[in-house]
Amino acid sequence: HGSSAAADRYDFHCVELYRLCEDQRPKSEAALLEARTELARARAAAASVTRRVDEQRALAQLAPHELAARLASAQRSLGALREQVRTLVGESDLVGSEEEGGCKVG
C-alpha cells in the first residue's frame, strides 16, 4: 500500500515535470533559433574580416609598380563612372520641366 502511494507521487511528479518541459519548449526553441541566428551572423562577420585580412595581405605582397597599376586602373574606372553620371545628368536636363510635359528630375 505504501509503495502504491509512492508510485502515485512519482507518477504525479513525472507528469508535472513533463508539463513544465512542454511549457518551456517554445521558449527553448525560440532561444535556440536566436542563438543559431547569432552564430550565423558571427560566422559571416568572421568570414568578412578574414576576407579583408587576406586582401590586405595580398596587397602587402604586391610590388610598388603593381600597386601603382591597380591605383591607376581604379582611377580610370572612377573617371569613367563620373563621365557616365555627367552624361546622365545632362540627359535628364533635356527631358524638360513638368510644365512642358516632361519629367522633373531632382
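The values are calculated or read from the model by the stated rules, or taken from the named source; none is laboratory data. Since this is a predicted model, take the numbers as computed values, not measurements. Using ideal geometry, Cβ is built from the backbone for each residue, glycine included, and neighbour counts are taken over all protein chains shown.
The table that follows gives values for the structure above.
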item: Lone unmet requirement of (1) loosely packed, with under 10 Cβ neighbours inside 10 Å; (2) modelled with pLDDT under 90 for Arg57; result: (2)
item: Any chance Glu16 is over 30 Å from Leu67 (Cα atoms), assigned to a helix (DSSP H, G or I) and within 40 Å of the chain's Cα centre (by Cα); result: no
item: Only one of Arg51, Arg43, Arg70 that is touching a Leu at 6+ places or on another chain (Cβ under 8 Å) and at pLDDT 90 or above; result: Arg70
item: Sole exception among (1) part of a helix (DSSP H, G or I); (2) surrounded by 10 or more Cβ atoms within 10 Å (Cβ to Cβ) for Leu62, by number; result: (1)
